[in-house]
Amino acid sequence: MWASNVEMEFVGYCVLSYCLFALCVLLKIHMWIHVIRLQKSSLSEVPGPRLAKWTRLWIARALSTGRSHEVWTETNAKYGRLARIGPKHVLTDDPSITRHILAARSRYERGPFFDSLRMHPTVPNIISERDEKKHSVIRAMVAPSFTGRSVATIESIMDEQILIWVESLRHSSRVINIGQKIQFLTVDIITCLCLGKAVGCIKNNCDMYGLLETIEMGNSVAQYFSVFTELNTLLFSLSNVPFLKRALFPNVSDSRGVGRLMRLVHQVAEKRSLSQDGENDLVSALLARGMPTEQIDSEVIVALAGGSDTTSTSVQSTLLCIVTNPDVYATLRSEIRAALRDGKASTPIRDTEARQLVYLQAVVLEGLRKHPPLSQLRERVVPAGGDTIGGFHLPEGTFVGLNGWGTQLNTEIYGEDAALFRPERWLTEDEKRLKEMHSCHSLIFGHGATRCIGVAMAMMEIRKVLFELLRNFDISVANPHRPWTSHCYGIFHQVGFRVVLRPVDDGVKPPKQKVMA
Ligand code: HEM
């Protein structure tokens, strides 16, 4: 009897093993049929690197280089405006195609990459929501805090932080890491807007609450989830097990990372929900618009991340272009001096005044064009029935990646010297060309129903910060042979941007800064 039980068990194991083996073989065959079908699909006509047709590893390898923005640009330059970069993936740097895909009611939806931007397994946020209708509901709640009349409030908060920042720079050593200082300023501004008070990076001269570290770490990992998107699905399924959910997703009890930031946001939200007087910050605005606190946690984190890193990178990269181009530096300095001499610049400069400075405007546009702060592909999915773009028919379900860097190097739009930093291109009297350039440039902030809600804020911040830096200091790079190191994770992380600052006297007194206890 005993022997037969063992035998039975053995036979059972054998059957199970054979079944599993057969299942694996079937899966493998299914996968190959799928891949072969993809090769035979109309997608096979789209040119691209040979390896990319077979596996997503080509994309993963590009991401791992830390210079994926250049790889995307080289790929479109080599294979054309539409290049195949994966079994189901194409890449475009064509402004018209990009506009066609992102246009409101285009039927293209955000691809699974956006799942990797969720903070919570079941609560989507403005940047992760892929369903058009649900997204527009969230957007209607968040956008008013960054657009229209809110821009005036944003400006007064920004001005206060900029004055404090400039004063702190005046008391710093002569050689400083300006990249880090710019990051601290953008974090203090956005936390002030979102939470009512700055976290105090400027005052404490450090990355308070690890916001910058969290954004960098998060993006260096999330970029791979944008390729192997099944990982997102797996994470969401695992989160049904309570202890796994705690381990895999940020939680307010975490001592580091996004969870730590969530706790901060959560505390502010709880305080605001108990108090009668609404404060002038994003948390209060979202509470007043009826958003549940769990979602407020995610939305505020998105605003903190979206509103700090991008702007900081843009200010840093434009500043680097200015200080390494003596003609640009001299022209901008004399425009600033003239504005000060003629009494056309308040302290700090008002945005209405900054917009009158034609050369400053040109420098800011050119700085953003030369170094867009995002290089994520932000894939959209070809809708049911497929679509014909760039002369190729793409089957439904194809992922179209948007090569933002390549788009801004278009020589037909910007001229043969598009690779150069040359603000003068924006001073042309050729109206038609100027219109085309502006239309292409606006894609840096996206297009259509998902266009960036922080455009006005970002542009204002870049103009003001650059003006105040050059008004208050003479600036030169500390290490001309290697002014900075920049890593690309879809966003950019700059290290060691050191400059020599020589104060220029303008006699400005800063207000006292209110920071988190
Ligand atoms: C130079 C600075 C910035 C650049 C280049 C930029 C770029 C972008 C782009 C390209 C998108 C579209 C994402 C998509 O494809 O779906 C986007 C969305 C967004 N941006 Fe910005 N951004 C900047 C600054 C800001 C600032 C200051 C904020 C302030 C909170 C912000 C908040 C957002 C939000 C919330 C979204 C999601 C919009 C939606 O899905 O409806 N961004 N941004």
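Since every read-out is calculated from the coordinates, none of them should be taken as a lab result. This one's a predicted model, so the numbers in the text were calculated from it and none came from an experiment. Neighbour counts are summed over all protein chains in view; Cβ atoms, including those assigned to glycine, are modelled from backbone coordinates with ideal geometry.
Computed from backbone phi with θ = phi - 60° and the Karplus coefficients 6.51, -1.76 and 1.60, the 3J(HN,Hα) list for the stretch 489-504 is 10, x, 10, 10, 10, 9, 10, x, 7, 9, 10, 9, 10, 10, x, 10 Hz; x is used for glycine and proline. May I ask you to derive the FRET efficiency for GLU431 and GLU74 from their Cβ-Cβ distance with R0 = 25 Å, giving the value to the nearest 0.05? The formula returns an efficiency of 0.15 here. Annotation: extensible slack from VAL221 through VAL137 equals 27.4 nm (criterion: 0.36 nm per residue apart, minus Cα-Cα distance). Here each label is just a point 7 Å from Cα along the line to Cβ, and for LYS203 and THR122 those points are 3.9 nm apart. The gain in end-to-end length when the ALA247 to THR147 segment is fully stretched comes to 32.3 nm, 0.36 nm per residue minus the alpha carbon separation.
Between ASN280 and ASP417, the simple spin-label model (points 7 angstrom out along Cα→Cβ) gives 4.4 nm.
What does the C-alpha gyration tensor say about the overall shape of the stretch 54-503? Classify as rounded when a/c is under 1.5, otherwise prolate if a/b is larger than b/c, or oblate. Oblate is the answer for the stretch 54-503, as a/c is 1.5 or above yet b/c matches or exceeds a/b. The sum of -39500 (n - 2.57) across all DSSP H runs of n ≥ 4, divided by the residue count of the chain, sets its helix-only mean residue ellipticity at 222 nm to -17000 deg cm²/dmol. In terms of surrounding Cβ atoms within a 10 Å radius of their Cβ, THR311, THR65 rank from fewest to most as THR65, THR311. For the cross-link pairs LYS181/LYS432; LYS245/LYS370; LYS203/LYS271, which exceed 32 Å when the distance is taken from alpha carbon to alpha carbon? Among LYS181/LYS432; LYS245/LYS370; LYS203/LYS271, the Cα-Cα distance tops 32 Å for LYS181/LYS432; LYS245/LYS370. Computed from Cα positions, the angle between helix 257-274 and the longest principal axis of the chain comes to roughly 70 degrees. Hey, quick one: spin label on ARG256, modelled 7 Å out along Cα-Cβ, who in the stretch 212-243 has an amide N within reach, i.e. under 15 Å? Only 212-221 pass the distance filter. Each residue of the stretch 379-392 was assigned a 3J(HN,Hα) from its phi angle through the Karplus curve 6.51 cos²θ - 1.76 cosθ + 1.60 (θ = phi - 60°); the sequence is 4, 10, 9, 5, x, 3, x, x, 7, 10, 9, x, x, 10 Hz, with glycine and proline shown as x.
With 0.36 nm allotted per residue and the present C-alpha distance subtracted, the SER439-GLU230 stretch has 71.7 nm of extension available.
What residues of the stretch 354-369 lie in the reach of a label at ARG170, counting those whose backbone N is under 20 Å from a point 7 Å from the Cα along Cα→Cβ? Those under the cut-off are none; the list is empty.
Here each label is just a point 7 Å from Cα along the line to Cβ, and for LYS344 and SER237 those points are 6.3 nm apart.
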